[in-house]
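Participant: Following this message is one structure expressed as structure tokens.
The values are calculated or read from the model by the stated rules, or taken from the named source; none is laboratory data. Remember, it's a predicted structure, so these values are computed and weren't measured experimentally. Methodologically, a virtual Cβ is constructed for each residue, glycine included, from the backbone with ideal geometry; neighbour enumeration extends over all protein chains shown. Note: accessible area is taken over every heavy atom of the protein model, side chains too, but ligands, DNA and RNA are not part of it. Shrake-Rupley method; radii C 1.70, N 1.55, O 1.52, S 1.80 Å.
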Amino acid sequence: PRLYWIPDRILKLGGTPWEMSAPATRYPGSLAPMLEMLLDEAAELVDRRKERADWIRAELLEAAPDGTLAGPAMRAARPGFDPVHLRFPLLLPDRDRRDAALSALRASGLGATPSYPQAIIDVPEARDYLVEGAVDTPEARGVANRILTLPTHPYVTRADARRMGTIVGSVLASGSRKRTP
């Protein structure tokens with residue numbers, strides 16, 4: 001986790017790559033033992049991610065009890081739904097505060113990403129694949145401008161969750177009140 005910045009810079013995590021010519025290839029047999037090990041541990045990994053999501057949610061609710069933060073992960077799962085939480089999606093009130101929180105979380109080595117940097121309608125490479133007459137999507141743009149995701153992998157500690165809550169709470173308390181879509 002402390003080295004997350006390396007693949008983040010190389011792979012540009014949180015981007016919207018659009019590749020229609022990706023070749024379909026056979027799964028490398030050399031990776032089969034790793035897949036088998038991961039499948040054997042999948043239930044435990046899912047439980048650990050859910051636990052981390054619960055820690056993060058609790059810290060964020062304490063940091064912002066006024067409902068400033070939004071997103072489905074901020075609510076407890078509804079009966080019949082059991083989210084895995086590969087990442088913890090969080091909607092901040094506006095882009096300025098999302099960017100400030102993202103910057104502070106990344107500077108602390110906590111592995112936050114913007115997730116969707118733009119709405120699909122704004123991805124130039126996707127335009128030819130949209131339904132004819134696609135209309136403006138202000139809600140999608142709003143989500144793209146406000147979302148960030150937090151890690152929930154097993155290396156996230158309670159202290160990390162507390163730092164996430166503290167950083168986001170600090171940004172909300174002192175950040176810009178300017179509203180941007």
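Participant: Keeping all protein chains in position, work out how much accessible area Ser174 exposes to a 1.4 Å probe, and write it in Å² to the nearest 10.
Facilitator: 90
Participant: What full-extension length gain, to one decimal in nm, is calculated for Ser103 and Glu139 as 0.36 nm per residue of separation minus the Cα-Cα distance? Each step should come with its number before you reach the end.
Facilitator: Values: separation 36, 0.36 × 36 = 12.96 nm, distance 2.36 nm.
Residue separation times 0.36 nm, minus the Cα-Cα distance, leaves 10.6 nm.
Participant: Leaving out ligands, DNA and RNA, and with a 1.4 Å probe, what % of the accessible surface on the chain is carbon or sulfur? Show your work: numbers first, answer last.
Facilitator: Working: 6830 of 11660 Å².
Carbon and sulfur together cover 59 percent of it.
Participant: Run the simple label-point estimate for Ser21 and Arg127 please: 7 Å along Cα→C-beta, distance reported in nm.
Facilitator: Each label point is offset 7 Å from its Cα along the Cβ direction, giving 2.0 nm.
Participant: Using Cα centres only, tell me the gap between region 21-89 and region 137-160 in whole Å.
Facilitator: With region 21-89 and region 137-160 each reduced to a Cα centre, they are spaced 11 Å.
Participant: Still on this model: Given the Cα-Cα distance of Glu51 and Arg75 and 0.36 nm per residue of separation, how much length would full extension add, in nm? Provide the component values of the computation, followed by the final result.
Facilitator: On the way: separation 24, 0.36 × 24 = 8.64 nm, distance 1.41 nm.
Gain in length upon complete extension: 7.2 nm.
Participant: Using a 1.4 angstrom probe and counting only protein chains, how large is the accessible area of Arg127 in Å², to 10?
Facilitator: We get 130 Å² for Arg127.
Participant: Here is a further query. Using only the Cα atoms of region 106-181, what semi-axes does the equivalent ellipsoid have when each is the square root of 5 times a gyration tensor eigenvalue? Give whole Å, largest first.
Facilitator: On the way: eigenvalues 201, 57, 13 Å².
Values for region 106-181, descending: 32, 17, 8 Å.
Participant: May I ask you to give the solvent-accessible area per residue for the chain, in square angstrom, as obtained with a 1.4 angstrom probe?
Facilitator: With all protein chains present, the chain gives 64 Å² per residue.
Participant: Based on DSSP H runs of at least 4 residues, each adding -39500 (n - 2.57), what is the mean residue ellipticity at 222 nm of the chain after dividing by all its residues, to the nearest 500 deg cm²/dmol? Present the calculation step by step, with values, prior to reporting the outcome.
Facilitator: Working: 5 runs with 78 residues, N = 181.
That comes out to -14000 deg cm²/dmol.
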